[in-house]
Amino acid sequence: MSLRTCTLACLAALGAATASAQEWIAGVGFRTFFDNREYSGMGFDGSKTFFAARLTPEAGLRWAECNRLMAAVDLMQDFGDGSTFLTEAKPQIWYQYETPRVLAAAGIFSRTKLRGDYGEAFFDRAYAFYNNRLQGVMGQYRSEGGDFVELAIDWEGMQSAERRERFRILSAGELHGHRFYGGYALSVLHFAKTSAPAADEGIVDHILVNPYAGLRFSAFFDFDIRLGYLQSLQRDRIAEGGWEAPKGGVLDIRFSRWGLSLGNMLYAGENQMPFYDRYSGALYSGCAFFGTRDHIYNRTDLSYGNSFFGGTLDIRAGILFHYDGVGLGTQQVLTLSVKLEKIFGRQAK
């Protein structure tokens, strides 16, 4: 039985059993992602172009206003890949409980449900696009003033002969004052072996935390000035060096108006990816420039972002300039996202 047939059968059976107190939900999400990286003059040469689109149709049930049971499928296509009809197809199946203050989900669901600011030290742009699902559970509390705290558990990789076991805990929170705000982001990753490990496979524990404080105000432009601290604890159990504890400071300044934004982020500190030469992107999901060996990484960006048609269409574009203490690289990015949803079929209770 195909994934589509199984999903439709499950939804039909559940709908028949709860027809007196439920609503049907149908929706679709679409996103196209362009990311062109020209880094050949830098210490880290990761020059590459990502260009892809993802379509996510979804359907499910809602009952008692705050409960949802949903099924969806991510249909991914890399542009220029003419060898296959679809580069990738992955399911999403989840239960969701949501009120104005609380959001909880369990199953396989979109990463966009997270509210925390997990910056590129945690997740590179391309990584977040291609790994857009969480597989596990999450809980989130939101106050009326915009304060929040969240916790998620993501089983990123099931152990097999070819695949390492990966298990991550994510947490974030933020408090807001009139102009000042403060918060944190946390990632705890357990990076284990395959079921048939080679002699050079190690088990890595990787903890990364980013507390920060900022100031937001308007004076013709909207200003956002944030100072943060990056601290990681990392241990490769195959080595005898014990724990590595690289640290550094992050200053992020941004001003914007009319959807246009100019920003500069400066990281000054130690190499946040000490095991990159051994495990590269298999271990590290963040932007590789935070692995600078010259104690500095600077990113300047000019971007535009806006939403249209009642928030159903979102467009983001920008050009970024990177400096890693060795050379200058450029990056051009463009995303277009569409999100549509229809709730219908209310039954008498």
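The values are calculated or read from the model by the stated rules, or taken from the named source; none is laboratory data. As the structure is a prediction and not an experimental result, all values here were calculated from the model. Neighbour counts are summed over all protein chains in view; Cβ atoms, including those assigned to glycine, are modelled from backbone coordinates with ideal geometry. Surface areas here come from the heavy atoms of the whole protein model, side chains and all, with no ligands, DNA or RNA. Shrake-Rupley method; radii C 1.70, N 1.55, O 1.52, S 1.80 Å.
Consider only pairs whose beta carbons are under 7 Å apart and that are at least six residues apart or on different chains; among these, list those whose first residue lies in the range 88-110 and is closer than 15 Å to Asp154 by Cα and whose second residue is open to solvent by 60 Å² or more (accessible area, probe 1.4 Å) and part of a loop (DSSP other than H, G, I, E, B).
Pairs found: none.
Matching residues to (1) of a type outside the set (Gly, Ala, Ser); (2) more than 21 Å from the chain's Cα centre (by Cα):
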position: Gln231; (1), (2): yes, no
position: Gly241; (1), (2): no, yes
position: Glu244; (1), (2): yes, yes
position: Gly249; (1), (2): no, yes
position: Gly263; (1), (2): no, no
position: Phe275; (1), (2): yes, yes
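Filtering the range 184-235 down to residues that are out of contact with any Gly (no Cβ under 7 Å at 6 or more places or on another chain) and of a type in the set (Ser, Thr, Tyr), which residue is surrounded by the fewest Cβ atoms within 10 Å (Cβ to Cβ)?
Ser218
Can you name the residue in the range 171-206 that is small (Gly, Ala, Ser) and at pLDDT 95 or above and, of all such residues, is farthest from Phe217 (Cα to Cα)?
Filtering first and then ranking leaves Ser187.
Please enumerate the residues belonging to the range 94-113 that are more than 18 Å from the chain's Cα centre (by Cα) and open to solvent by 50 Å² or more (accessible area, probe 1.4 Å).
Scanning the range 94-113 gives Tyr95, Tyr97, Glu98, Pro100, Arg101, Val102.
Tally the residues that are open to solvent by less than 70 Å² (accessible area, probe 1.4 Å), farther than 29 Å from Met42 by Cα and not in a loop (DSSP other than H, G, I, E, B), restricting the search to the range 293-315.
Residues meeting the conditions: 5.
So that you can scan it fast, the table gives a plain yes or no per residue for (1) farther than 19 Å from Ile296 by Cα; (2) assigned to a strand (DSSP E or B):
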| position | (1), (2) |
| --- | --- |
| Gln231 | no, yes |
| Gln234 | yes, yes |
| Ile238 | yes, no |
| Tyr267 | no, yes |
| Met273 | no, no |
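Which number in (1) modelled with pLDDT of 95 or more; (2) under 30 Å from Ile315 (Cβ atoms) marks the one condition that Pro211 misses?
Failed condition: (2).
Can you name the condition, by its number, that Ile108 falls short on among (1) within 27 Å of Ala198 (Cβ to Cβ); (2) in contact with a Pro (Cβ under 8 Å, 6 or more places away or on another chain)?
(1)
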